[in-house]
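Everything on this sheet refers to the single structure shown next.
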Amino acid sequence: MAARSNPDIDNDAETQSGGVQSVDRALQILEILARKGDAGVSEIAEEMGVHKSTVSRLVGSLVTRELVRQNSERGKYQLGFGILRLASSIPGRLSVVHEAREVLEALAGEYKETVNLAVLRSNYAVNVDQAMGPSTLATYDWVGSLTPLHATSSGKVLLAALTADERTQVFKAVGLPARTTRTVTNRGDLEKQLHDVARQGYAIVHEEFEIGLTAIAVPVFNHLGTVIAAVSISGPAFRFAPEDQPGLIEGLREAGLAISAKMGYRHQ
């Protein structure tokens, strides 16, 4: 006699299976938005190979949790500030924000540009704090934004601190997509840059993440000498040239070491 199935157990299994699939798809949406910057429901659905109604339902849930927000101008979706709350909950990260705040404000005041503090989250750099200089043209708030490691100054600093195997895992997961025509998308060329970043102690990016934007970043270390964050200064490419601004590179280095000292690092 064939065993009879328990409908309650069967339904529960189906519910769990559907729940896992929904979670996986929601995570895919977050990854797509992190990679693209913003995207519409149709664009996301096409990349995922699912119906638009599915994406719309999941995006709605993510918006409710503030993990995703809608751009009021273009109607597309982008990552929300809820991402920052998740990243900031990691032990040690909030202390970096707290200890760095005074230094970030001093940098912004001295160099008149936007200053950001970023940490590594999964395969991206997430900006966890920002100070705006008086010369800043735009008022875009980068806090909570996930940016590609290979196309940003902070990202390159964080990448340079990883092992070759760790970088390989990152590139396998997210690739090296072009954000602009100046983005470095060749692994060999990028590795050469990262070698220089590790050697010289800073990274400069000219319009690789966004046309018209130049940025420079340095590492922040903890008491073990491990890179735990990157502090950057960015500004319009037409007026911000770190290599030509006397004292800027050294000043940013000193700022990075000042934050590091607050985290217990002792520079040799």
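The values are calculated or read from the model by the stated rules, or taken from the named source; none is laboratory data. Everything numeric in this text was worked out from a predicted model, so none of it was measured. In this analysis, Cβ positions are derived from the backbone assuming ideal geometry, glycine residues included, and neighbour counts consider all displayed protein chains. Each accessible area value is taken on the protein alone, full model and side chains, heavy atoms only, with ligands, DNA and RNA left out. Shrake-Rupley method; radii C 1.70, N 1.55, O 1.52, S 1.80 Å.
Odds and ends about this structure:
- Once both labels are positioned 7 Å from their Cα atoms along Cα-to-Cβ, the gap between residue 71 and residue 47 label points is 1.3 nm.
- Förster radius 25 Å - calculated FRET efficiency between residue 95 and residue 243 (Cβ-Cβ, nearest 0.05): 0.15
- Solvent-accessible area of segment 112-264 (1.4 angstrom probe, protein heavy atoms only): carbon and sulfur portion equals 52 percent.
- CD proxy at 222 nm, helix term only [per DSSP H run n ≥ 4: -39500 (n - 2.57); per residue of the chain; nearest 500]: -15000 deg cm²/dmol
- Spin-label pair residue 172/residue 186, simplified geometry with 7 Å Cα→Cβ offset, distance in nm: 2.4
- 13 Å beta-carbon shell around residue 237, net charge (K/R +1, D/E -1): -4
- Gained length - residue 57 relative to residue 267, 0.36 nm times residue gap less alpha-carbon distance: 70.5 nm
- The residues of the chain expose, per residue, 52 Å² of accessible area to a 1.4 Å probe.
- Summary value for the chain: 14 percent relative contact order, contacts being C-alpha pairs under 8 angstrom separated by 6+ residues.
- Simple Cβ-charge dipole of segment 25-85, Lys/Arg +1 and Asp/Glu -1, about Cα centre, in debye nearest 20: 160
- Residue-span extension gain [residue 222 to residue 164] - 0.36 nm each, minus C-alpha spacing: 18.8 nm
- Each Lys and Arg Cβ is given +1 and each Asp and Glu Cβ -1; about its Cα centre, the chain then shows a dipole of about 120 debye.
- Surface listing: 46, 207 arranged by accessible area from highest to lowest gives 46, 207, probe 1.4 Å.
- Estimated FRET transfer efficiency (residue 27, residue 105; beta-carbon r; R0 45 Å; 0.05): 0.80
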